[in-house]
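The values are calculated or read from the model by the stated rules, or taken from the named source; none is laboratory data. Model, not experiment: these values are computed from the prediction. FYI the Cβ positions are ideal-geometry reconstructions off the backbone, even for glycines, and counts take in every protein chain you see. In case anyone asks, the SASA skips ligands and DNA or RNA and just uses the protein heavy atoms, side chains included. Shrake-Rupley method; radii C 1.70, N 1.55, O 1.52, S 1.80 Å.
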Amino acid sequence: GYVLRLVPGNGGFFLFLALRQTLTALGAMRPIVFAILVGNAVNLLANGILIFGAAGLPALGVDGAAWATSLSRWVMAGITWWAARPWLAPYFAQPRAPRGAWRRSLGVWIKVGVPIMAHVSAEVWIFS
């Protein structure tokens, strides 16, 4: 049950990882640290509420811990995305790439990203 309840947070986790790697390469550590601190605070608060039951919610036990982790992963991704705007803005500014250039970029992203995703997924599956 626990691992299945972590699945909804995987998208947020991978988005956070991609943003973290990008910002690290750009030398921007503050948004990452801020997102991790807020994410941990959200996880702590949500754990208390979802594991033991509070605010009108039933006690979910271990499943509540997984839901709290999934929520905190999306919070970290959202905060990192929001805080990264000043560093990422130049990459989204005009002029745009030539029509169809995204296909080459997507190919590179898949070539590099799929092995990273497989490695991280294997770690989670093996050690969970």
Given the criteria among the β-branched types (Val, Ile, Thr), without any contact (Cβ under 8 Å) to a residue 60 or more places away in the chain and within 26 Å of Pro31 (Cα to Cα), does Ile110 qualify? yes
For Val3, are the conditions met, namely being modelled with pLDDT of 90 or more and either β-branched (Val, Ile, Thr) or in a helix (DSSP H, G or I) (or both)? no
In the set Ala28, Ala84, Ala35, Ala66, the lone residue that is under 16 Å from Tyr2 (Cα atoms) and touching a residue at least 40 places away in the same chain (Cβ under 8 Å) is Ala66
Is it fair to say Ala97 is farther than 30 Å from Tyr2 by Cα, at pLDDT 80 or above and open to solvent by less than 100 Å² (accessible area, probe 1.4 Å)? no
Residue hits (the stretch 105-128; loosely packed, with under 11 Cβ neighbours inside 10 Å and either polar (S, T, N, Q) or on the phi > 0 side of the Ramachandran plot (or both)) are Ser105, Ser128
